[in-house]
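Only one structure is covered here, and it is reproduced in the block below.
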Amino acid sequence: MRPPTPADSGGSAHWNSARLEGARLNSAPGVGARSDGSHGSSAALLGAPVAEALAFMPDSAGRLADAGISSGGCFVRPLPVDPTCASAARRFFREAVSSLAIPSGLVHDGVTMASELAANTLHAHRDATVPGGRQLPAGIPEIWLYFRGTGRTRELVCKVFDTERGWTAGSRPGMSDAPLDSVSGRGLQVVAGLSAGQWGCHLSRSRLGNWKVPGKAVWFSLRIPPGVLPDHLGRPRYSADWLTDELEAMLADRGLSGIVRADLDAMSALSVSRHLTVWRHGEEVSWRSPSGRYERMDLADLIDAVEQIVCAHEETALGESAAS
């Protein structure tokens, strides 16, 4: 069903912790205490500037975005821009899933694919500087892991972000004639095979640091067999209102500032830009993609929903830039 016409604008894009605390229904495991363990051993194995980047990561999760993947959050780590990039990705993948009862064969496949994505991002990295202050250096590659779906559609998603937007948004890189060291080269054939075709790339923005850098995320997903994990694992157990607040805050955190919000009963409208409005109806969220098609998602898949909305925003911005 087509979403309704936008209502009168109102509300605020700013994070209001008191309001969100009052909207909680249940306490989700891991929120309020990071479930992924200490960063000390990781930082010791990585050279600057990545070790310094890790020092700016929060020790506890006051936000769903910072919670462990088993609590519906996103596991995020910076990757070194040197030959240890692939080994760091392998180690971070294992760290993210170490407490989960995922079959060893799937873990091995995931580690292999994460290594391939990280190796490829070395060819796309470019340095950038952050004006003012001692902050996370912009442009450092990042690895992200989170769950989406439930039951027979449960997937573990792994993405590697870099600041090169080279591939066409929404498309897959061609591999037939690519050189071995190309960002779209034959190394990604391994990803295509092990993921059974569940991989690709899209425009995105970085997650770490105070300056959110545009770029792309190359991803794969692993289908988790039914019954291996509890249905609630990886899905935040909060009210739809609380998740809508978190959706707004997550979008603002990714650099989509100036959001205007209106709430009415079980519906909310978040005007992200003049070309992008996000609607929340009950426990669903929807928006119109740059292609004109309306996308719908379960609000409980909040991390993936935010990522797709950020992609839609970046595709629109890139199209406007090319047209000007």
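The values are calculated or read from the model by the stated rules, or taken from the named source; none is laboratory data. Worth saying up front: this structure is predicted, and the values here are computed from it rather than measured. Reconstructed Cβ throughout: ideal geometry from the backbone, glycine too, with neighbour counts over all protein chains shown.
What to note about this one:
- Which listed residue is at pLDDT below 95, aliphatic (A, V, I, L, M) and buried (at least 23 other Cβ atoms within 10 Å of the Cβ), from ILE309, ILE224: ILE224
- Qualifying residue in region 272-281 (condition: among the β-branched types (Val, Ile, Thr) and without any contact (Cβ under 8 Å) to a residue 40 or more places away in the chain): yes
- Where a residue in region 112-123 is not assigned by TED's automatic domain parsing to the domain that holds PRO78 and assigned to a helix (DSSP H, G or I) and its partner, wherever it lies, is of a type in the set (Lys, Arg) and surrounded by fewer than 22 Cβ atoms within 10 Å (Cβ to Cβ), with Cβ under 8 Å and at least six apart: none
- Taking each residue of region 59-75 that is more than 15 Å from VAL306 (Cα to Cα) and outside any helix (DSSP H, G or I) and looking for partners that are of a type in the set (D, E, K, R) and modelled with pLDDT of 85 or more with beta-carbon atoms closer than 6 Å, six or more apart or interchain, yields nothing.
- Boolean, GLU248 is over 23 Å from SER206 (Cα atoms), modelled with pLDDT of 90 or more and touching a Lys or Arg at 6+ places or on another chain (Cβ under 7 Å): no
- Among the residues of region 227-242, just one is of a type outside the set (Phe, Trp, Tyr) and crowded, with 24+ Cβ neighbours inside 10 Å, namely GLY234.
- Selection from region 120-151 of residues that are at pLDDT below 90 and aliphatic (A, V, I, L, M): LEU122, ALA124, ALA128, VAL130, LEU136, ALA138, ILE140
- Positions within region 262-276 being crowded, with 20+ Cβ neighbours inside 10 Å and either charged (D, E, K, R) or more than 25 Å from VAL213 (Cβ to Cβ) (or both), in sequence order: SER268, ALA269
- Looking only at residues of region 220-248 that are among the hydrophobic types (A, V, I, L, M, F, W, C) and touching a helix residue (DSSP H, G or I) at 6+ places or on another chain (Cβ under 8 Å), we find that the one that is farthest from GLY110 (Cα to Cα) is TRP242.
- Tally of residues being crowded, with 23+ Cβ neighbours inside 10 Å and in contact (Cβ under 8 Å) with a residue 60 or more places away in the chain across region 81-111: 4
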